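A short worksheet on the structure shown next.
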Amino acid sequence: MDHCYSSGLGGSNDIKNLWAMPWDQAKRKDIAERLPWRLVCDHRMRLPMAQELLRRDWQAVYLQSLKRG
């Protein structure tokens, strides 16, 4: 199981925030979550927008995070 929204982005362990995901995808999603987390912490993105980006298309966020390093 993986979190839809990580605890770093306001997520919880509630069953509504968990989804089944293969291990290799979960590892990529963990990487994807770092970019919006940094943007929120730097006050360059609001938390609801970060959550929406990951919910809508975390794989696009993952690819963007690879480009940024």
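Just a few scattered comments:
- If you check Arg38, Arg44 for being charged (D, E, K, R), part of a loop (DSSP other than H, G, I, E, B) and at pLDDT 90 or above, only one passes: Arg44.
- Of the residues making up the stretch 1-11, those that are assigned to a loop (DSSP other than H, G, I, E, B) and in contact with a Phe, Trp or Tyr (Cβ under 8 Å, 6 or more places away or on another chain) are Met1, Cys4, Ser6, Gly11.
The values are calculated or read from the model by the stated rules, or taken from the named source; none is laboratory data. Being a predicted model, the structure only gives us computed values, none of them experimental. Ideal geometry is used to build each Cβ from the backbone, glycine not excepted, and the neighbour counts take in all protein chains shown.
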